[in-house]
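Let me begin by presenting the structure, written as structure tokens, before commenting on it.
The values are calculated or read from the model by the stated rules, or taken from the named source; none is laboratory data. Just so we're clear, the structure is a prediction, and the values are computed from it rather than from any experiment. We place every Cβ from the backbone using ideal geometry, glycine too, and count neighbours over all the protein chains shown. When the accessible area is computed, the model is the full protein with side chains, heavy atoms only, and any ligands, DNA or RNA have been set aside. Shrake-Rupley method; radii C 1.70, N 1.55, O 1.52, S 1.80 Å.
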Amino acid sequence: VKTADEEAAAVTAVLNEAEIAELRKIYGEGSSGKGLNKGLIRGVAGALKDLEKRQKSRATRTKRDVLDAALLDRVAFYRDVLAVQFGASVELASEDRRAELEALARSSTPEDSLLRIDAIMLCRERLAANVNPQMAIEAMTLSLRRPRA
């Protein structure tokens, strides 16, 4: 969750700064002259507040997108574990982690793998329903550690 926060912040920071600068420019902040509309300059506060609200929503969406991509990677990993457990001759998404896949395949059952996939998918559903990301990830993590519980 912390990594998703950091990645979302990195992705949105540059865009946010550019949008704020553009908005300030549109409202004439930093300009001077007789014909300058003082009401227009005062209007920047409300516009900035609206922009910041949209930026916060975008950051939340970005964070959830990052988390969802990570969860889908985990689903692919456990799908590969399941394929190894059944001896399926399919291309593995996590081929670079074959040793880890095989070790987990030996130390667990196909039912365990399916329960882990279900736990990840449930976490995705919870995130889509606006459950607190930290709580959803923690609940999933507990399920991944004890799939038969």
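General remarks:
- Every condition in (1) under 30 Å from Glu17 (Cβ atoms); (2) in contact with a Phe, Trp or Tyr (Cβ under 8 Å, 6 or more places away or on another chain); (3) aliphatic (A, V, I, L, M); (4) open to solvent by 50 Å² or more (accessible area, probe 1.4 Å) holds for Val44 except the one numbered (4).
- Residue satisfying all of: in the stretch 57-67; surrounded by fewer than 18 Cβ atoms within 10 Å (Cβ to Cβ) and free of Cβ contacts under 8 Å to residues at least 60 places away in the same chain; nearest to Arg124 (Cα to Cα) among these: Asp65
- Pick from the stretch 100-149, criterion in a loop (DSSP other than H, G, I, E, B) and open to solvent by 90 Å² or more (accessible area, probe 1.4 Å), ranking: nearest to Ala4 (Cα to Cα): Asn130
- Scan of the stretch 65-99 for residues that are over 27 Å from Asp5 (Cβ atoms) and under 28 Å from the mean Cα position of the chain (by Cα), ordered by number: Arg79, Asp80, Val81, Leu82, Ala83, Glu91, Leu92, Glu95, Arg98, Ala99
- Contact map, the stretch 70-93: residues that are of a type in the set (Gly, Ala, Ser) paired with residues that are crowded, with 19+ Cβ neighbours inside 10 Å, Cβ distance under 6 Å, separation 6+ or inter-chain. Pairs shown: Ala93/Asp80.
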